[in-house]
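Read-outs: derived from the displayed coordinates by stated rules, not from any lab. Since this is a predicted model, take the numbers as computed values, not measurements. As a convention, Cβ positions derive from the backbone with ideal geometry for all residues, glycine included, and neighbour counts pool all protein chains shown.
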Amino acid sequence: MYDVVVVGAGPTGCYAARQLARLGYEVLVLEEHTEIGEPVHCTGIISMEACERFDLDPSCVEAHLSSARFVSPSGQSFRVWSDDARAVVVDRSRFDQILAEQALTSGASFLLGTRADDVQVEQDRIVVTGLCLGEALSFRSSLLIIATGADDSITERLGLAQASGPPIFGAQLFAEAGRLEEVEVHLGRTVAPGGFAWAVPANGHGCRVGLVSHAPPHPLLSEFATALEQRGAIRRNGARIRCRAVPCGPRTPSFADRVLVVGDAAGQVKATTSGGIYYGLLGAEAAVSAAHRALCDGDLSGSALADYEEDWVRRIGAEQRTGRLLRRIHRALSDRDIDMFFWLARRAGVPGLLSRLQFDWHSSGLLTVLWRELLGGLTSKSPGARPARQN
Ligand SMILES: Cc1cc2nc3c(=O)[nH]c(=O)nc-3n(C[C@H](O)[C@H](O)[C@H](O)COP(=O)(O)OP(=O)(O)OC[C@H]3O[C@@H](n4cnc5c(N)ncnc54)[C@H](O)[C@@H]3O)c2cc1C
């Protein structure tokens, strides 16, 4: 019998496994794919703050980011920048593999090609049943950590991690970089309704082109990539589009008797961008503390594990709430409204203000900028206060 079974070998599952193994626990990680980190559906942007806090291995870093150009539906744009790099782009597959290797060398075991299908929570243990390369297996442990990302089949069966809003979808492809000089972020109902699209130049795997939206993402990304290709920014070369659901905010409850839910599975993502690596690691860190306490005390009841949710909500809850408000505002805007915002933003010097916002904790700063600089401008708009080009 293991102390902890972790289902899912993404960054949050591997990190939790590594830390618990370092604390001396017997840990088993189950991963349905036969290769850690594959397939990749993530751009791999991580802030410098996250790199430092989690002492992330720099060998998977492909590029440093210090600027981005924001583009409106009618093609107006402004640039935000900083003197130093604010974030890095990692080779996401290698990133996950490094965390898994660190967990392995810390003593955790991995079973790849193993999909966990069912979980029984018994009085004195957890029983996880699954299929390993076609063979039915079962595993026993004191505690289960669910780190299954967008796949909510286990959490749903256990009545955990309920979605807190309408679904959002993400999609990405790897293209060759053409004349793309810096990160571009495109807004508008045509390009990505309720979300945004991006193109991120990086070494190694070339350029990442992706989007998040409430609408089906595949055709939208195809169209966006074609537009980039037509202006020579990228060369798509038939690259495959990978789509998946992304959480729109916290998914609770994230604990029960002998069970903790971490990462995307618990909705530990930024509500503005859907970026989840850093918040997921913060969630996993909180899960490790709660698990360690409960295993030491020999009390793995839901009430003993409830501190976990309090802990991660205390860390990221306020940012998520403000981010969701911003997202609702953004979702209600027409392309014409967004163009107006761009026009006012440039007039009010907003790009300079945005450049100073913290990469991972930007929602309240963004809301203040919108409220003070832009809504004031919109309500006092004169016939002359119109963007030069509109849809
Ligand atoms: C298009 C796109 C771009 C993104 N870009 C960024 C970005 O630039 N920066 C950022 O911070 N975030 C980004 N994200 C979000 C980021 O990818 C996720 O937040 C992050 O991967 C969450 O990590 P996780 O460990 O919780 O889950 P995942 O990385 O999804 O890992 C879950 C693992 O569990 C496995 N699994 C699932 N079910 C089972 C099962 N029943 N049995 C066994 N194994 C199972 C899966 O195979 C997978 O390996 C992006 C997301 C998308 C869709």
Counting every C-alpha pair in the range 1-148, the percent lying more than 24 Å apart is 43 percent
Cβ crowding within 10 Å averaged over residues, with 16-29, 161-174 ranked highest first
16-29, 161-174
So the angle from the long Cα axis of helix 11-22 to the longest Cα principal axis of the chain, reported in degrees to the nearest 10, equals 40 degrees
Which trypsin sites (Lys or Arg not before Pro) from the range 270-339 combine a DSSP loop assignment with at most 16 other Cβ atoms within 10 Å?
none
Which value results when the Cα radius of gyration for the chain is divided by 2.2 N^0.38 Å?
1.02
Provide the three semi-axes, in whole Å and in decreasing order, of the ellipsoid equivalent to the range 196-348 as defined by the square roots of 5 times the Cα gyration tensor eigenvalues.
38, 20, 13
Can you tell me the dipole magnitude for the chain around its Cα centre, using point charges on the Cβ only (Lys, Arg +1; Asp, Glu -1), in Debye to the nearest 20?
2140 debye
Dipole of the chain [Lys/Arg +1, Asp/Glu -1 at C-beta], most positive-end residue of Pro11, Leu357, Val127:
Leu357
Under a no-solvent Debye model with one identical scatterer per Cα of the range 138-270, what's log10 I(q)/I(0) at q = 0.13, 0.20, 0.21 Å⁻¹?
-0.63, -1.03, -1.09
Whole-Å distance linking the alpha carbon centroid of the range 63-113 with that of the range 272-340 is 19 Å
What is the distance, in nm, between label points placed 7 Å from the Cα along the Cα-to-Cβ direction at Thr34 and at Arg328?
4.7 nm
Would you work out if the range 326-379 is rounded, prolate or oblate? Take a ≥ b ≥ c from the square roots of the eigenvalues of the alpha-carbon gyration tensor; rounded if a/c is under 1.5, else prolate when a/b is larger than b/c, oblate otherwise.
oblate
